[in-house]
Every structure is written in structure tokens, then in C-alpha cells.
Amino acid sequence: MSLAAESPSPSSPSSSSGSDDFAALLDAELELTSAADSASAGDPSAATDDDDEGGDEEEEEEDVVVVVEQEDAIVEQSSTKRRRVEDQHRHQAVVMKSDEDTVGSSKDVKIDECPPHPGFFGGLCYRCGRTQDEEDVPGVAFGYIHKGLRLGTTEIDRLRGADLKNLLRERKLVLILDLDHTLINSTKLFDLSAAENELGIQSAAKEVVPDRSLFTLETMQMLTKLRPFVRRFLKEASDMFEMYIYTMGDKAYAIEIAKLLDPDNVYFGSKVISNSDCTQRHQKGLDVVLGDESVAVILDDTEYVWQKHKENLILMERYHYFASSCRQFGFGARSLSETMQDERENDGALATILDVLERIHTIFFDPDDQKPLSSRDVRQVIKRVRQEVLQGCKLVFTRVFPLHQRPQDQMLWKMAEQLGAVCCTDVDSTVTHVVALDLGTEKARWAVSNKKFLVHPRWIEAANFRWQRQQEEDFPVARPKEKGKENAADAPISKENGDKNAADAASAKKGNENVADAASTKEGSKENADDAANSEEGSKENADDAANTEKSKENADDAANSEEGSKENADDAANAEKSKSDGAASGATGS
């Protein structure tokens with residue numbers, strides 16, 4: 001047996017689906033083999049008529065015609081899938097001439113020889129039927145298409161090539177969709193918070209109402225919430241993409257979620273990939289996708305699982321509906337479920353990304369592009385669309401990154417450049433934006449005096465998720481006296497300098513000595529914080545020192561950038577008596 005060498009006809013219902021089409025072909029292949037065996041057993045040409053010995057040549061030719069007609073009748077009566085495979089294999093069939101010394105005729109089909117084996121099904125080569133040996137192990141398992149199916153590299157490339165032709169003919173690309181925090185959010189029942197139980201969220205999940213989005217997975221003791229806009233997203237995306245589900249969850253879980261998202265089985269079919277299908281631990285890869293990388297777009301909330309395919313990835317803003325999800329990622333605020341709120345349908349994350357996907361699809365299939373479709377690469381299109389987001393912006397960062405580290409190596413710097421911005425370290429007349437955490441830096445004051453945009457780092461992060469430049473006034477930089485309120489929401493930037501800088505902000509009268517103590521010993525940091533809390537005069541003197549030296553300025557700001565220093569406020573010691581005591585307490589926390 002062998003798989004079809006060419007892609008199915010455009011009129012075929014499954015012509016646009018790589019894995020579904022392969023599954024149909026494999027089923028038909030097995031049926032055809034069985035039917036051929038049955039037909040050969042009852043082939044009338046195998047018998048000879050003793051009474052016709054010495055018959056003339058015209059009778060022999062007539063027998064040949066009869067045999068061919070009978071075989072054609074068998075083919076006509078076979079199933080649609082069987083005819084499809086028979087047509088695709090016909091070019092491989094070689095009709096052997098009848099032996100002059102025999103009566104009647106015969107027709108043999110020459111099958112490609114193995115090895116190499118194209119693949120194995122149930123431990124047998126589906127071309128020659130040979131049992132799989134140890135040397136035949138290389139290849140990739142495609143258990144989500146057929147249990148026990150393993151394909152060789154050559155066969156995978158052939159199938160991807162055939163699938164690519166179908167997709168481009170239908171003006172479609174491939175879309176890989178993550179589940180958790182991208183299309184849905186799930187939680188175990190025992191992880192529900194007290195507030196969620198008081199609101200009766202379990203009862204709400206059991207109510208059968210039209211277009212409901214909250215479900216109970218009884219067998220798994222879980223609740224699942226569909227992300228707003230997901231149904232419309234899938235419907236519209238299916239017109240532009242051949243879609244796969246790809247999750248690090250278990251197979252049973254993936255199938256249950258697929259039923260919620262696609263109850264009529266019109267979007268995904270067998271294209272549901274789970275952790276058992278991955279070829280590398282804790283990593284996702286396109287090696288198990290029967291779609292070419294040049295047309296594959298990935299939507300996922302986690303970047304590190306796609307180490308080999310970052311250029312195909314569109315990073316999604318995480319969907320945190322349940323309280324357990326917020327706890328998992330360290331958010332102290334109440335969850336959407338606890339506040340009885342949700343993302344907006346029309347301008348939420350999925351609606352925004354659908355617009356991006358439409359633009360990518362339009363650019364890829366641009367009829368004015370002189371490059372052939374088969375030579376185009378969606379990764380270049382994604383890069384181009386991303387660079388348009390902050391095109392024309394020139395950014396300067398001030399005290400956003402850790403000291404003694406190259407800013408060019410920091411994630412935020414790289415993110416801004418990927419969005420099309422130009423990043424630099426010094427201000428000049430061409431700078432458009434200064435990115436800062438507070439107004440207490442020289443560059444921040446320069447931005448204000450020169451009427452430049454002064455924005456919080458979250459402005460860049462929001463542009464990255466939303467794929468469009470955000471309004472600068474929505475991301476203001478806090479004044480020193482307001483900074484304490486903002487610190488709890490600030491993302492931590494440096495943990496290594498946090499303990500030292502927090503201790504600096506709360507050190508007593510001999511600030512330089514206390515800084516050294518805090519950096520060298522955790523206990524010393526706590527003692528310095530207590531000294532600062534008990535000595536108002538010492539705190540004032542230390543605050544003056546911090547205000548008069550550049551090092552103290554940088555340390556005070558770094559305290560706000562550190563992971564644990566994000567809850568502290570180093571500058572409060574110089575502005576109010578209450579702020580001084582807060583700075584002392586933050587010194588203890590930072591240690």
C-alpha cells in the first residue's frame with residue numbers, strides 16, 4: 001500500500017484539511033486493500049476452460065474485454081473514498097502483458113518497494129506490510145490522526161507539500177490555537193475561592209441557556225469559561241485558516257474542550273494535539289502539524305514553549321477569569337469571576353487579534369505581490385505587521401532597567417524594537433518618548449520641559465498585546481508622592497538589586513555603612529530597617545543623602561523596580577513622615 005501521491009480534488013469535502021484528509025486516505029487505503037484481495041479471490045480470469053483449448057485469437061481478446069469490464073464494475077461499486085484512492089494510485093499501476101502460453105489474461109499492480117518505509121500503522125508498514133523493526137523507529141508519531149500511526153520524514157514532507165497546494169488554492173493559512181488562557185480559562189472545583197462559591201458559580205455553570213460560556217466538566221471536576229468573542233472568532237477565522245488545537249493539557253481534557261468550542265465538529269476535526277503528542281518535554285513544535293511552517297500562525301499566551309517557532313507566534317494577553325488563575329500568576333486583585341465582570345466582546349483580546357489575523361491574511365494573499373504564493377512566508381508578514389505598531393517612535397529609558405546591565409539585552413528594549421521603535425540611551429531633539437517609572441529622574445524632567453511623551457513601561461507591553469499604539473495619556477508616570485500607590489501594580493524588573501536598594505532607602509544616619517550591611521547580610525537589612533523606623537532624624541538625613549548623590553537616586557528608583565521592592569517606596573522617605581516609615585518597612589520586606 002502507499003498513500004496518495006497528490007492532493008485530493010478541490011471538490012472533495014476534506015480537500016483543505018491535512019490531517020483529516022490523511023486520515024480519510026488511510027481508511028480508504030485499508031478498505032481498498034481488503035477489497036482487492038476479495039476481488040482477486042473470485043477473479044474469473046484465474047480460471048481456464050478445458051473445452052476451449054485451441055480457440056481462436058478473437059475469443060481470447062473477447063475474454064480480455066470481459067475481464068476488464070468485470071474489474072471496472074468492481075471499482076464502480078466501491079465506496080467514494082475507495083475510488084478516490086484508486087484514481088490517485090492508478091499512475092503507479094503497471095498492466096503486465098498476458099503470457100502467450102497461458103489462456104485468459106491477468107493484470108498485476110506494481111507496488112513501490114520498501115525500504116524506506118513511508119510510515120507505519122499498528123506496527124506495520126502501510127505500503128509493504130512489513131513489521132516495524134528497531135531501525136525503522138525514526139519518524140514522528142501522529143497519534144491524534146490515527147492511534148499507532150508513525151510517519152517518516154520523507155512522507156511528512158510530501159504530505160505537507162500536498163496540503164500546502166490545497167491551502168494556497170483555497171486562499172487559506174494554518175492557525176495553531178492554544179487553549180488555556182488563550183481561548184478559555186479552567187479551574188478545579190476544589191480551587192474555587194470562597195467568594196466564587198458564595199456567588200453560586202457552580203450552579204450558574206449548570207444552567208442550560210442559549211450561548212452560555214460557563215460549563216461544568218463533571219468527569220474532571222472542573223469549570224471552564226469560554227473567552228468572550230471566541231465563537232465569532234472561530235467562525236470568522238475558519239474562513240481564512242485551517243485550524244488546529246494545540247495544548248499542553250491531557251488528551252481527554254483537550255477533546256472535551258474541543259467539543260465545547262466546536263460542538264458540530266466543523267473547525268477542528270481530528271486536529272486536536274495534546275501533551276502526549278509532543279516530541280519534546282515541556283515544548284510545543286510544528287513537527288507534529290501537517291502544515292508547512294511558512295503558512296503557520298500560532299496564538300499562545302506562553303512564549304517559552306515555542307522556542308523553535310517564535311517567528312510564527314502571536315503572543316496573547318492571558319485570560320484570567322477564575323481566582324485560581326490569578327493566584328497562579330501572582331495577581332492579588334479580585335478575579336473577574338469574583339467581581340462578576342468579564343472582557344468586552346467587541347474590543348477584547350480575541351476581537352483585537354482577529355483584526356491582526358485579517359491583516360496578515362490580506363497581506364499574504366496580496367494580488368499585487370509579484371512573488372509566487374508558494375514562495376511567500378507568513379513569518380515575514382507577521383514581522384512586517386508587528387513593526388508597524390510603534391513605527392516612527394524613538395524611545396529613551398530612564399531607570400527602568402537594572403544597574404550594570406546592558407539595556408539592549410533587556411526584554412522591554414527588545415520588545416520595543418520588534419514593534420518598530422528606535423531605542424537609545426541619550427536624549428536629543430529626535431526622541432519622541434521617555435519611558436520611566438517616576439518623575440524623579442533628569443530624563444523624565446527633560447521630557448516634561450520639552451513636551452515629549454512621558455510614559456510608563458506598561459505602554460509598550462500594551463502595544464505588544466494589542467498590536468497597535470496605545471494612547472499615551474492612559475499610561476501616565478506617577479509623581480513621587482503618588483508612587484507608593486503605583487508600586488503594587490508595577491511589574492518587578494530586578495530581583496538581584498532589590499534587597500540592597502530597599503535597604504538603602506531605609507538606612508539610618510550612616511547611609512553608606514548601612515547599604516553595605518544590607519547587601520552583605522539579610523539580618524543586617526532588617527536591623528537597618530528597624531533603625532530607620534525608630535530614628536526620624538536618621539531617616540531624614542539618609543533621605544537627604546539619597547537626594548544629593550546620584551547613586552542614592554538610582555538606588556531609590558531601583559527599589560521600585562525590584563520584585564520585592566515593588567511594594568516599597570524609597571522616595572517617600574524624602575517627602576512625608578508617613579512615607580519615611582513606609583520606606584523603613586519596605587527595607588525589611590526587601591531583605
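The values are calculated or read from the model by the stated rules, or taken from the named source; none is laboratory data. Here the structure is a predicted model, which is why all the values come from computation and not from measurement. Cβ: placed from backbone, ideal geometry, glycine included. Neighbour counts: every protein chain shown. These area figures cover heavy atoms from the full protein model, side chains too; ligands, DNA and RNA do not enter into them. Shrake-Rupley method; radii C 1.70, N 1.55, O 1.52, S 1.80 Å.
Values computed for the structure shown
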quantity: Gain in span if fully extended, I255 to M220, counting 0.36 nm per residue against the direct Cα distance; calculated: 11.4 nm
quantity: Lysine pairs meeting the criterion (Cα under 19 Å, 8 or more apart or interchain), as found in segment 171-365; calculated: 20
quantity: Cβ crowding within 10 Å averaged over residues, with 289-297, 425-433, 366-374 ranked highest first; calculated: 289-297, 425-433, 366-374
quantity: Gyration tensor (alpha-carbon) shape descriptor, segment 291-352, a/c threshold 1.5; calculated: oblate
quantity: Value of relative contact order over segment 389-474, rounded to a whole percent, pairs C-alpha under 8 Å and six or more apart; calculated: 34
quantity: Fully extended contour minus Cα-Cα distance, from E358 to K414, at 0.36 nm per residue; calculated: 17.6 nm
quantity: Accessible area (Å², 1.4 Å probe, nearest 10) - L336; calculated: 40
quantity: Filtered trypsin sites (Lys or Arg not before Pro), segment 170-248: DSSP coil and at most 15 other beta carbons within 10 Å; calculated: R171, R212
quantity: Beta bridges per DSSP with both ends in segment 389-474, % antiparallel, nearest 5; calculated: 0
quantity: Accessible surface ranking that places the most exposed of M243, M340, M415 first, with a 1.4 angstrom probe; calculated: M340, M415, M243
quantity: Added length on full extension, which subtracts the Cα-Cα distance from 0.36 nm per residue, E472 to S374; calculated: 31.2 nm
quantity: Mean separation of Cα contacts under 8 Å (6+ apart) over length of segment 171-365, as relative contact order %; calculated: 29
quantity: In segment 285-390, the trypsin sites (Lys or Arg not before Pro) that fall in loop regions by DSSP, at most 15 other Cβ within 10 Å; calculated: K308, R334, R344
quantity: Label point distance in nm, Q307-S449, each placed 7 Å from Cα along Cα→Cβ; calculated: 4.9
